[in-house]
Structure formats: structure tokens, C-alpha cells
């Protein structure tokens, strides 16, 4: 039995994601399910998703996924290593046997490279060159140790999956798949059959002709987008971040998750004169920190997510079931006994008192304020 897993954001869902689901179906066959762990309303690089989690889950189910779960905030908004570790651990608990992921070059032996990287002594990862980011120094170290330089975004994430999988005892068979069409973060290619999610988001945010989206997105998802009155992005959130940074004390900011090395002083100083989020990041940016790290830190600050919040959530993670197919429903019955404490089908006061669902509901409050749609209480899993 091959139960195939996919780790995704679907921000938004597009034809490249549908292609990967089709590749997963070739491995799973017609009688085994495809299980998707999807980011909720906040994504890995420290941004709000452009559509809510229910709309994105519906698009995935309509395109062939059998089960879609929301990954906890404490896994979804993390650097690649923790993002990978949390998701692979959760997929394993769900009985997944195989992981399919898109990369620029599927000929790379990710399983072998992951094992070699995982065996590198930790002391060689203790970097002290403050003129370069941690990720740059890490990639350089990997190139020296394994003899191959990996610098393409999907390959880097694929290697993070491979390292996490090895560290967890290699529970999953890895299946890298060549991406088709536009690469990660590529600009719009009007004649391309697949666009990058960032190019599609730019069309939506700049309110360009939405008719062209039908080339790359499911009709139902486009219809849902057209009904939206707000499209979350950092320009919209910046005034809230500015108020938060200017009104919070240094002591309060020091409790924020990943706030270290005096960044609270730098952020508090720079926010006052900045007029846009891009300008703010540019002023805070140094060679030591990537923009992704600073966006995540800005999001933690905006949402008042502390070190204690993340640790409590990460140590007690549950998965919210967003939707299922007929096959997915049958598979749920087979794993319910082993995963009963892990899967939540209905959000209520009891399961949100603490742990990951407590944080999940709390951070979703801001998304709900912007979108005017309840994201947790009163919602039921979608059936497609």
C-alpha cells in the first residue's frame, strides 16, 4: 500500500500543483489515498495566504487530493529545517509511506544527499561569519562536504525534506518530480502553461485582468477569488505592525519567538520612519539575516507569538481536517484509532484551550478580522 503525501501551501492553487497531484496519483494508484499537509492562513516565508485555507483546500480536493489537513502554525511558519521536520513527522503519524515534491532537477539523489548532510558534525554548522546569512554559509558548507552545490529554492527545500526524513529514521520513500513551466518566484510568463504562485499573486494584488487566470487556476478557485473583497498582503498589514512595534515595550518584544541579537532595538528604531513594509525590511536587513527570516519575525511580532507559544504548540501538535474525498473518508476510518488525538474534525472550546489549536485559533483572529469569514469555530470538513 502506497499512501502518498504532499507538503504544500497552495498560495494559490494552480496548474503546477495539479500536475504534482497527478504524479502522486501514478504512485498511489486508484485505490490508495493522496494526503496533503497544507499551510493554513499563514505561510512559510512569513506572509498571510492570499485566500483562506478552506478555499485552497477545496481546490486541492477538486483536483484529486483525498485528504487535506492544515499544518499547525508552529510548523508552517518556520525555516526550512523545522518546517520539514514537523511535516514529515506528522505525515508519518498519518500512515503516509511516500513523499512527492517538486524540484528543478529530479535526477538528484535526494535520499543519498540527505543522509550525507545529516551526518555532518554539528560543530561544522556553528557559523561565525556575520557578513553572510546563515543559509548562505550552510549552502557553502554543504557544497564542501558533499561535493554538490544546491542553490535552487525547491532543491533546497527538497534537501531539507531528505535530511528530516533521515533524522526520523527514513520513514518515507522520497519521490522528487521535475517542476514544469515557471520556476519558484519567476515573473509572469504569459505563454506558459504553468506560472509561479508569486506571479499569480502579483496579478491578483495589482488587480490585472483576472480572465487570464483561467489558464492556470481552477474555475472554482477563480470564482472564490472574485468574490473576495480583500487580498491579504504585507502592505495591508504594515500599519498594524507599525502600531505593534511602536506601542510594545522592549521587554515585550524580547519575548517574541526568534527575537534575538538585539533585533528588537533595530526594528523599533526603523519602524518609525518607514512608510512601507518593503522600506522597513530594507532598513532592518543586514548580511546576517535573510528577508524570509525578517518577514517571519515581523509576523511573529504582529501576532504576538512568543517563544513559549511556539514551544507549547510544537510539542503538542494536532492537525485540523479541512476536507476529504470518498477514498479519504475510508482511509480516515483505518487510521482514526492510532491518530485519534492528532486529528481534529471540529474546533470547539475543549480542543482549543491549549497546545497547537489554541495558537492556531488565536493567530487566525486577525485573518478573520480582515476577511470577515470565520476560520475555525462553526466550520466542518469539506467533502468532495
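The values are calculated or read from the model by the stated rules, or taken from the named source; none is laboratory data. Note that the coordinates shown come from a computational prediction; the quantities given were computed from them, not determined experimentally. Every residue, glycine among them, receives a Cβ derived from its backbone with ideal geometry; neighbour counts consider all protein chains shown.
Descriptive notes on the structure:
- Flag for residue 365 being under 23 Å from the mean Cα position of the chain (by Cα), free of Cβ contacts under 8 Å to residues at least 12 places away in the same chain and surrounded by fewer than 16 Cβ atoms within 10 Å (Cβ to Cβ): yes
- Picking from residues in segment 201-217 that are under 17 Å from residue 230 (Cβ atoms) and in a helix (DSSP H, G or I), the one that is modelled with the lowest pLDDT is 210.
- Test for residue 20: is it part of a helix (DSSP H, G or I) and without any contact (Cβ under 8 Å) to a residue 24 or more places away in the chain: no
- Considering residues of segment 37-72 that are out of contact with any strand residue (DSSP E or B) (no Cβ under 9 Å at 6 or more places or on another chain) and over 15 Å from residue 233 (Cα atoms) only, the residue surrounded by the fewest Cβ atoms within 10 Å (Cβ to Cβ): 62
- Residue check, residue 82 surrounded by 24 or more Cβ atoms within 10 Å (Cβ to Cβ), at pLDDT 95 or above and assigned by TED's automatic domain parsing to the domain that holds residue 358: no
- The residue pairs whose first member lies in segment 129-149 and is on the phi > 0 side of the Ramachandran plot and surrounded by 13 or more Cβ atoms within 10 Å (Cβ to Cβ), whose second member is modelled with pLDDT of 80 or more and in a helix (DSSP H, G or I), and whose beta carbons are closer than 7 Å, counting only pairs six or more residues apart or on different chains, do not exist in this structure.
Matching residues to (1) modelled with pLDDT under 80; (2) closer than 27 Å to residue 75 by Cβ:
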{"position": "138", "(1), (2)": "yes, yes"}
{"position": "171", "(1), (2)": "no, yes"}
{"position": "183", "(1), (2)": "yes, yes"}
{"position": "187", "(1), (2)": "yes, no"}
{"position": "194", "(1), (2)": "yes, yes"}
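- Within segment 62-73, the set of residues being closer than 24 Å to residue 358 by Cα and part of a helix (DSSP H, G or I) comprises 73 only.
Let's see how each residue does on (1) closer than 23 Å to residue 305 by Cα; (2) assigned to a strand (DSSP E or B); (3) assigned by TED's automatic domain parsing to the domain that holds residue 290:
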position: 16; (1), (2), (3): no, no, no
position: 35; (1), (2), (3): no, yes, no
position: 50; (1), (2), (3): yes, no, no
position: 56; (1), (2), (3): no, no, no
position: 60; (1), (2), (3): no, no, no
position: 75; (1), (2), (3): yes, no, no
position: 86; (1), (2), (3): yes, no, no
position: 90; (1), (2), (3): yes, no, no
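- Picking from residues in segment 331-349 that are touching a strand residue (DSSP E or B) at 6+ places or on another chain (Cβ under 9 Å) and within 25 Å of residue 30 (Cβ to Cβ), the one that is surrounded by the fewest Cβ atoms within 10 Å (Cβ to Cβ) is 336.
- Condition met for residue 285 (surrounded by fewer than 19 Cβ atoms within 10 Å (Cβ to Cβ) and not assigned by TED's automatic domain parsing to the domain that holds residue 71): yes
- Among the residues making up segment 353-372, those that are under 16 Å from residue 308 (Cα atoms) and part of a loop (DSSP other than H, G, I, E, B) are 353, 354.
- Counting the residues of segment 288-317 that are over 16 Å from the mean Cα position of the chain (by Cα) and in a loop (DSSP other than H, G, I, E, B) gives 6.
- Given (1) surrounded by fewer than 17 Cβ atoms within 10 Å (Cβ to Cβ); (2) over 19 Å from the mean Cα position of the chain (by Cα), index of the condition residue 352 fails: (1)
- The number of residues in segment 319-342 that are at pLDDT below 95, under 23 Å from the mean Cα position of the chain (by Cα) and not in a helix (DSSP H, G or I) comes to 2.
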